[in-house]
Amino acid sequence: MYELWAGLAEAIAPDVMLFVLLGIFLGYIIGVLPGLNRPVALAVAIPLSYYMSPLSAIAFLVGIAKASGAGGATTAILLNTPGEINAAATCLDGYPLAREGHAKKALKVALYASVTGDILGTLALIVLAQPLASLALGVGPVEMTAIMLLSLTFIAALSGRSLLRGLAAGVFGVFLSTVGLDIETATPRMTFGQVELLDGIPLIAITIGMLGLTEMFIQAQEIFTQRREQTVPTITPPGDGKLTPKEILRIAPTMVRSSAIGVGVGILPGLGPSIASFVSYAIAERTAKLGDRFRRGEIKGVAAAETADNAAVPASLVPLFALGLPGSVSAAILLAAFMIHGITPGPRLFAEHGQFMYAVYGAMLVASLFMLLVGRVGLVAFANLTRVPQHIVIPIVILLCIVGAYVESRSLFAVQVTVAFAVLGYVMEKFDYSRITFLIGFIIGPLLETAARQALVITGGQFSKLLHYPVAMALFVMAIGVGIYFIRSPRSSPVDAEG
Amino acid sequence: MKEQLERHGRPLKVVLEVMCIVALGLFVVLFIIPRETSGIGLGLNPSTVPTIAALVAAFLAAADGASRLIRSGPFVSSPLRMPALLIMSGVSVLTVFLLGYGGALLSVGVTLPLLMLILGERRWLRVLATTLSGVLVAYWMFA
């Protein structure tokens, strides 16, 4: 109990609150700016968090992750162009509402729905993560290996058009994670005599390169081919913004149901906010009452999409906190941030850093309140950011990526790695190999290797001994089942399983 | 006619893609890993996991290529083009070079306006204001 109160007290310390506020503010701006999304924002912000205390850093990054989702709704409503893919479902009703002169009302609904989803998602995280971590303490290396393989298969299946290519990317990530000192014998592996590689390929450099820089290269490519940035978008005027208590009561059940959907989808590895928002919207539409105007300007539609989107973000942290497994790319970046500050998420997280985790929870709830405050005050001001052209945004983000990679280590090596992985990321994107699965494979690589090695020792390398581990066997069978299912039914387009 | 050409051309691209990946995988397994890893005779050989990972990655990529050929698709043509990559990575390399030899301020001061010009910005006041802001932020970050 002492840890709980001490942790919550830490969360409301002025410096922590300041960084939460800063994160929320930056998150909103990034969410609204065209071409930027949550993973890019987190990748660019990681080096900035390097100089902060562990709690301030995590609070800052969590603030960005939360608010960028909420900010993405602004362009969806005003321009019919989601600032983030997660907000695509918001366009369906948000834009028609704006066209009818109710843009401000739609923005308000999106804000309140985002905050509601976020708070309920955070509460679900608080309730579920610690018990799951306690359960996971009894999980041995054989089961852990099986869990990681199942997660990787799920993520690979959902983050691209082909499961096989997704898995190839993930395993390639695992391969590159073996660069550096061997975990058992401490002998160098594939370091090519470079001292900088003894600790492995720098994670931050890879994250910034693969997510931030590659994304900007792709955006630049779009400008080269379309020159679409030359026209400044015309945004719909805010119009009527009055939201009556009756309307709030009308959307309340939708928000509660969508929060549950967001939490359920968010917890599963590989599924992300974009899937949550579409599932939630589809269910809301299917359960529509007489008089509801779905796809023609229905506030319930905006509420359904935004609530689920924002509930999925904290929920995706459940497997990260409890098992040390990032279920989404944002969770993977947060895992990197935890590790930079000497904290390893996983089953022992709450036992070893209980007070810190309560402080993180406290900071997340504070972030939810700041989201409401900043979003409400800046409702119209943020909308004006949609006018910022991409040929200003892209150069700034590219330089932030490169300078950020340099600031983190003060070494040109890290910057060179960043650029090299940006090029690799672009090539992977061109050939449809998922960068997200690669990154998650790279991050869980050392955990997977450790667990697999321990499992080999325990089983003596005999396959038949796996039969003594029914849970692991069930998970292996599930992984194979997922694999077969997705190979037999390839998708025509990726689901963008991240967020 | 165009469709026919694409039908013939795309599988060839897939075959080339698979051949490159398999060749790279074999090169890593046969040359790089043996040369760059050394065991001390204790526990699992340090080269085991990277070797398995490299083989599995190459196998999966090859299997994907084979499945696409058998199913005659999907041959998705990526909108991404190499010239854009060359331009953007070239500017990034220039940024790194200037960062190493002239520091962050010079690096930002040169490449920020260059990138804006490349991306189509022609309003000098905007270029100047953005560059100045960028240099100030870089100064703040490094000071």
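Would you check which residues across region A:370-399 are open to solvent by 30 Å² or more (accessible area, probe 1.4 Å) and facing chain B (nearest Cβ under 10 Å) and list them? A:Ile396, the sole residue that qualifies.
Taking the criterion of being of a type outside the set (Lys, Arg) and at the interface with chain A (Cβ under 10 Å from one of its Cβ atoms), the residues of region B:30-43 that qualify are B:Ile32, B:Ile33, B:Glu36, B:Thr37, B:Ser38, B:Gly39, B:Ile40, B:Gly41, B:Leu42, B:Gly43.
Residue count for region A:400-416, restricted to those that are at the interface with chain B (Cβ under 8 Å from one of its Cβ atoms) and open to solvent by less than 30 Å² (accessible area, probe 1.4 Å): 4. Listed by first and then second residue, the pairs linking a residue in region A:417-430 that is among the acidic types (Asp, Glu) to a residue that is open to solvent by less than 50 Å² (accessible area, probe 1.4 Å) and outside any helix (DSSP H, G or I), with Cβ atoms under 9 Å apart and 6 or more places separating them unless they lie on different chains, are A:Glu429/B:Ser78; A:Glu429/B:Leu80. Residue selection: A:Ala43 fails the criterion of being open to solvent by 50 Å² or more (accessible area, probe 1.4 Å) and of a type in the set (Gly, Ala, Ser).
For region B:99-118, a residue qualifies if it is open to solvent by 10 Å² or more (accessible area, probe 1.4 Å) and under 22 Å from the mean Cα position of the chain (by Cα), and the qualifying residues are B:Gly100, B:Leu114, B:Ile118. Quick check on region B:64-84: of everything there that is crowded, with 19+ Cβ neighbours inside 10 Å and more than 7 Å from every other protein chain (Cβ to nearest Cβ), which residue is modelled with the lowest pLDDT? That would be B:Arg68. If you check A:Ser259 against the conditions, is it open to solvent by less than 50 Å² (accessible area, probe 1.4 Å), modelled with pLDDT under 85 and polar (S, T, N, Q)? No; evaluated as a whole, the condition is false for this residue.
When A:Ala367, A:Ala322, A:Ala359, A:Ala363 are screened for being surrounded by 23 or more Cβ atoms within 10 Å (Cβ to Cβ), among the aliphatic types (A, V, I, L, M) and within 28 Å of A:Ala146 (Cβ to Cβ), only A:Ala322 passes. Taken over region A:178-194, the criterion of being in contact (Cβ under 8 Å) with a residue 60 or more places away in the chain, at the interface with chain B (Cβ under 8 Å from one of its Cβ atoms) and open to solvent by 80 Å² or more (accessible area, probe 1.4 Å) is satisfied by A:Glu184 alone. Here A:Ala124, A:Ala133 are screened, and the one residue that is at pLDDT 90 or above, aliphatic (A, V, I, L, M), in a helix (DSSP H, G or I) and surrounded by fewer than 24 Cβ atoms within 10 Å (Cβ to Cβ) is A:Ala124. On inspection, A:Thr81 does not qualify as assigned to a helix (DSSP H, G or I), out of contact with any Asp or Glu (no Cβ under 8 Å at 6 or more places or on another chain), modelled with pLDDT under 90 and among the hydroxyl-bearing types (Ser, Thr, Tyr).
For A:Pro237, the conditions (1) away from chain B (no Cβ under 14 Å); (2) at pLDDT below 80; (3) buried (at least 20 other Cβ atoms within 10 Å of the Cβ) all hold with the exception of (3). Does A:Leu467 satisfy the criteria of being under 27 Å from A:Leu335 (Cα atoms), part of a helix (DSSP H, G or I) and either without any contact (Cβ under 8 Å) to a residue 60 or more places away in the chain or touching a Cys at 6+ places or on another chain (Cβ under 7 Å) (or both)? It is false that A:Leu467 is under 27 Å from A:Leu335 (Cα atoms), part of a helix (DSSP H, G or I) and either without any contact (Cβ under 8 Å) to a residue 60 or more places away in the chain or touching a Cys at 6+ places or on another chain (Cβ under 7 Å) (or both).
Taking first residues from region A:144-170 that are away from every other protein chain (no Cβ under 14 Å) and under 12 Å from A:Asp432 (Cα atoms) and partners that are surrounded by 24 or more Cβ atoms within 10 Å (Cβ to Cβ) and hydroxyl-bearing (Ser, Thr, Tyr), the Cβ contacts under 8 Å between residues at least 6 apart in sequence or on separate chains come to A:Ser159/A:Ser434; A:Ser159/A:Thr437. Among the residues of region B:85-98, write down those that are within 8 Å of chain A (Cβ to nearest Cβ), closer than 15 Å to B:Leu114 by Cα and open to solvent by less than 40 Å² (accessible area, probe 1.4 Å). Correct list: B:Met88, B:Ser89, B:Val91, B:Ser92, B:Thr95, B:Val96. Scanning region B:106-134 for residues that are of a type in the set (A, V, I, L, M, F, W, C), facing another protein chain (nearest Cβ under 10 Å) and out of contact with any His (no Cβ under 7 Å at 6 or more places or on another chain) gives B:Val108, B:Leu112, B:Leu114, B:Leu115, B:Leu117, B:Ile118, B:Val127, B:Ala129.
Taking first residues from region B:49-72 that are without any contact (Cβ under 8 Å) to a residue 24 or more places away in the chain and partners that are hydroxyl-bearing (Ser, Thr, Tyr) and part of a helix (DSSP H, G or I), the Cβ contacts under 9 Å between residues at least 6 apart in sequence or on separate chains come to B:Ala53/A:Ser177. Restricting A:Ile283, A:Ile248, A:Ile275, A:Ile333 to those that are under 15 Å from A:Arg38 (Cβ atoms), open to solvent by 10 Å² or more (accessible area, probe 1.4 Å) and either modelled with pLDDT of 90 or more or not small (Gly, Ala, Ser) (or both) reduces the list to A:Ile275. If you go through region A:417-458 and keep only what is open to solvent by 10 Å² or more (accessible area, probe 1.4 Å), away from chain B (no Cβ under 11 Å) and over 23 Å from the mean Cα position of the chain (by Cα), you end up with A:Ala455, A:Ile458. In the condition set (1) more than 9 Å from chain A (Cβ to nearest Cβ); (2) open to solvent by 40 Å² or more (accessible area, probe 1.4 Å); (3) at pLDDT 90 or above, B:Val56 is compliant with all but (1). Which one is modelled with the lowest pLDDT among residues in region A:195-220 that are open to solvent by 10 Å² or more (accessible area, probe 1.4 Å) and farther than 24 Å from A:Tyr50 by Cα? Only one residue tops the list, namely A:Gln219.
Could you please let me know if A:Val174 is part of a helix (DSSP H, G or I), among the β-branched types (Val, Ile, Thr), open to solvent by less than 20 Å² (accessible area, probe 1.4 Å) and within 11 Å of another protein chain (Cβ to nearest Cβ)? In short, yes.
The values are calculated or read from the model by the stated rules, or taken from the named source; none is laboratory data. Source: prediction; values computed, not measured. Reconstructed Cβ throughout: ideal geometry from the backbone, glycine too, with neighbour counts over all protein chains shown. We work out accessible area using only protein heavy atoms, side chains counted, and drop any ligands, DNA or RNA first. Shrake-Rupley method; radii C 1.70, N 1.55, O 1.52, S 1.80 Å.
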